[in-house]
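The values are calculated or read from the model by the stated rules, or taken from the named source; none is laboratory data. Here the structure is a predicted model, which is why all the values come from computation and not from measurement. We place every Cβ from the backbone using ideal geometry, glycine too, and count neighbours over all the protein chains shown. Note: areas computed on protein heavy atoms with side chains; ligands, DNA, RNA excluded. Shrake-Rupley method; radii C 1.70, N 1.55, O 1.52, S 1.80 Å.
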Amino acid sequence: MLSPHRRFNPLTREWVLVSPHRTARPWQGQVEPAAAAKAPAYDPECYLCPGNARAGGARNPAYASTFVFDNDFAALQPDAPLEREERDGLLIAESEPGICRVVCFSPRHDLTIANMEPADLRRVVDTWVAQFGDLGARPDINYVQIFENRGAMMGASNPHPHGQIWASRSLPNEIAKEQASLAAWRGERGTCLLCDYENLERAAGERVVEENGGFLAVVPYWAVWPFETMIVAKRHATGIDRLSAAERDELADILKRMTARYDRLFQVSFPYTMGFHQRPTDGDAHEEWHLHLHFYPPLLRSATVRKFMVGYEMLATPQRDITPETAAERLRAV
């Protein structure tokens with residue numbers, strides 16, 4: 001459709017407004033500063049580099065691969081007392097114990113996923129798997145969220161290549177939405193929503209950006225961010241811990257290829273938020289879940305012009321200008 005229309009997201013059961021005719025509008029809004037100069041391999045002032053003191057006072061070991069530690073300024077705390085307050089069904093608060101960890105991908109300060117060596121990136125995948133298993137096995141943890149904020153534009157407080165893991169007692173909002181949709185689809189149709197969606201996208205081809213033996217990367221039909229993508233496991237796997245050795249290699253491969261493609265789009269180290277969505281760790285099998293990753297990058301027109309989620313997006317419905325099909329075509333072309 002070339003006229004204004006809305007598209008349905010079956011994972012969250014929400015809509016996005018698509019307005020293709022707005023791509024020609026002039027821009028006199030905010031322009032972000034140009035990217036900083038290339039970082040050094042080691043920064044003595046970086047609190048994530050090997051051997052350096054962290055902001056909380058602890059000192060990093062001289063690590064040579066991945067390095068995981070409990071976040072010095074964690075949003076969740078494991079010893080939070082279990083309490084609940086409620087008043088007239090309107091004022092409700094409850095404790096949220098949990099664990100927050102930082103995962104340094106590499107001792108090199110100047111790397112990103114896009115320019116890491118495949119073997120080193122595979123070690124990051126293995127670290128994610130180990131952390132999912134460790135945290136998810138705890139009786140007080142029901143969901144493990146693995147994610148990365150890349151770039152100052154997406155709120156990354158340090159350019160050193162790293163991600164985070166927040167493990168919580170309750171299901172986060174976005175996971176709860178997907179849980180309801182995936183379970184309903186399986187209950188009503190007897191199939192997996194994302195298996196069905198992946199088959200449809202592979203047949204259509206117009207929104208596919210990258211593909212290897214284990215994973216498919218697409219601009220979702222319902223994408224909100226201009227160059228948003230979703231990476232879906234081809235085989236039905238409920239979590240990252242269910243991947244075979246070959247699939248772990250393929251996950252590392254498609255992450256590297258997809259982030260490198262982003263970097264080539266505007267010739268800049270592309271900012272984004274990336275994260276895994278997978279089954280809860282509450283002890284149930286959750287066969288309705290299908291492992292996938294979301295990339296939410298903010299850039300819209302260039303390396304210095306970003307998409308703002310304001311106005312109508314905040315008060316009513318998310319809106320995008322370029323269609324997902326156009327975004328996929330542009331990403332395939334670089």
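Geometric descriptor of the chain, per residue, is 163 Å³ (volume of the convex hull of the Cα atoms).
Surface exposure of the stretch 55-172, expressed per residue as accessible area with a 1.4 Å probe, stands at 50 Å². Placing +1 on each Lys and Arg Cβ and -1 on each Asp and Glu Cβ, with no other charges, gives the stretch 210-312 a dipole about its Cα centre of roughly 580 debye. Calculated accessible area for the stretch 238-310 comes out at 33 Å² per residue, all protein chains present (probe 1.4 Å; ligands, DNA, RNA ignored).
Sorted largest first, the spans of the alpha carbon positions of the stretch 210-265 along the three principal axes are 32, 24, 15 Å. Shown for the stretch 121-165: the carbon plus sulfur share of the solvent-accessible area, taken with all protein chains present and a 1.4 angstrom probe, equals 52%. Rounded to whole Å, the principal axis extents of the Cα atoms in the stretch 30-144 read 56, 42, 28, largest first. With springs only between Cα atoms under 10 Å, which of Val124, Val305, Val103 fluctuates most in a Gaussian network model of the chain? Answer for the Gaussian network model of the chain: Val305.
Tell me the net charge near Phe295. Cut-off is 10 Å between Cβ atoms, Phe295 excluded, with +1 for each Lys or Arg and -1 for each Asp or Glu.
Values: positive: Arg150; negative: Glu148, Glu228.
Counting the neighbours of Phe295, the net charge comes to -1.
When Val68, Val310, Val129 are compared by accessible surface with a 1.4 Å probe, the order from highest to lowest is Val310, Val68, Val129.
The charge dipole of the chain, taken about its Cα centre with unit charges on the Cβ of Lys, Arg, Asp and Glu (plus for the first two, minus for the last two), comes to roughly 1100 debye.
The alpha carbons of the stretch 229-293 occupy a box of 44, 23, 14 Å along the principal axes, longest dimension given first.
Comparing Ala119, Ala303, Ala80 in a Gaussian network model of the chain, where Cα atoms under 10 Å apart are tied by springs, the biggest mean-square fluctuation is seen for Ala80. Shape of the stretch 110-223 from the C-alpha gyration tensor: oblate (a/c of 1.5 or more and a/b not above b/c, with a ≥ b ≥ c the square roots of its eigenvalues).
So which residue, out of Gly239, Gly275, Gly133, gets the largest mean-square fluctuation from a GNM of the chain using Cα contacts under 10 Å as springs? Of Gly239, Gly275, Gly133, the Gaussian network model singles out Gly133 as fluctuating most. Counting only lysines at least 8 places from Lys177 when in the same chain, those with an alpha carbon closer than 23 Å to its own are Lys234. The portion of the accessible surface of the stretch 172-302 made up by carbon and sulfur, rounded to a whole percent, is 49 (1.4 Å probe; DNA, RNA and ligands excluded). Across the stretch 211-218, rounded Karplus estimates of 3J(HN,Hα) from the backbone phi angles (6.51 cos²θ - 1.76 cosθ + 1.60, θ = phi - 60°) give 7, 9, x, x, 9, 10, 10, 10 Hz, Gly and Pro being marked x. Simple rule: put +1 on each Lys or Arg Cβ and -1 on each Asp or Glu Cβ in the chain, find the dipole, and look at His292, His21, Val103; the Cα lying farthest toward the positive end is His21.
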